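See below for the structure under consideration.
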């Protein structure tokens, strides 16, 4: 059984490109949502906004994945029409799009934020079908298993040690930081001998990014976990919006290399340096000239390549490599100073907010929140955005148009809030953009906007949730004077 799963896992990338006519994903509704989750081992559900360009880009990828999986009885891939299933979307607290959820054996597993290629999704799904700890019976199994993913862990133990070792490995495998690892166990002495294990019990980490093996004793969950973290050398990968979002959520320092893919010698140099160093930070690189949306907010040195360490994304704190040339010696000095805490701090560039004359949306900060957003005399609608977020930039003109449309309403106010620069008071932000509506008579609880990122969707949402009179016009100062002027 293991061989069949493993062969399928290894062949995914090769075969998925041959798919020409994928089928349309299943539609998921409030009525069948829970049943689907319980009936399949692995469920991937895309919360899809019909006219959203970003959701539209996800559809063909998931169709391709579904076509390859075919009649596999253990896997379900489908989509929820957000505009038609508002009750379901609100129940599941979906706050940003596109959003892809993974369920495993009837329970929520995680939001998918890994690679967005069909081949990457296929590998991820197939891995989830395997046990948390696979049983290895032969040298062939062990050899192929050890090469099947970037990081593979195999425990070589005696039969009487298997139960305890399996329990420890399973606990480690459940930890979210080891999602991209495979775990296996064997009690076969011949397998251990053929795999050149001189003494058991022993745990081996096969790091296929640097083609190295690392050995440790099997002691406790914490020690195994620390062993894996210390020896899993980070590998450099290209930055994407999904990957950036994942890195931000970890709250760990990470390295960003801004380079030109046509001159990738520095990418190779940094990759080689990080592989052979003791630094455990993840490294991502970006083709700077081709991605101005990403790099314009960063404190770059004005030349390519440029390297930064992000230490606190929320307050825009970075350390910048300032030598004219990136060299191995320079990198060594840079990271040594980082470890000592002697590197100067540089801040992310804050883009000036441009408010048009007829914008009708006020830019606010945390100090304004209570006075303006929680004003009990008005309904308030807030767009929480990040300056680097393409989704936010696409939404902005529609939000401004809606603000103009309702600009005559006295008791309705629309605001913008930079969630990348400040912590949002009392709001859980799972992604950008996030829109929240506070009714005048219910300031203790907000309503999340889950609809289409369009003028029509925003307008309809306000009309459905408004508690104020949308026909009541604002009174101008001139009108006020006229009303208060006594008769002669």
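Below are the figures for this structure:
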read-out: Packing-based exposure ordering (other Cβ within 10 Å, fewest first) of 127, 64, 347; value: 347, 127, 64
read-out: Chain lengthening between residue 317 and residue 194 when straightened (0.36 nm per residue, less Cα-Cα); value: 39.3 nm
read-out: Relative exposure of 44, 90, 281, judged by other C-beta atoms within 10 Å (fewest first); value: 90, 281, 44
read-out: Beta bridge orientation in segment 362-465: antiparallel %, DSSP, nearest 5; value: 40
read-out: Footprinting exposure proxy for 328, 162 (fewest neighbouring C-beta atoms within 10 Å first); value: 328, 162
read-out: Globularity index of segment 362-465, i.e. its alpha-carbon radius of gyration over 2.2 N^0.38 Å; value: 0.98
read-out: Where Rh is the Kirkwood radius over Cα pairs, Rg/Rh for segment 134-231; value: 0.91
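Values in this text are rule-based calculations from the coordinates and carry no lab data. Keep in mind that this is a model prediction, so the values were computed, not measured. Here the Cβ is made from the backbone with ideal geometry for all residues, glycine too, and neighbour counts use every protein chain on show.
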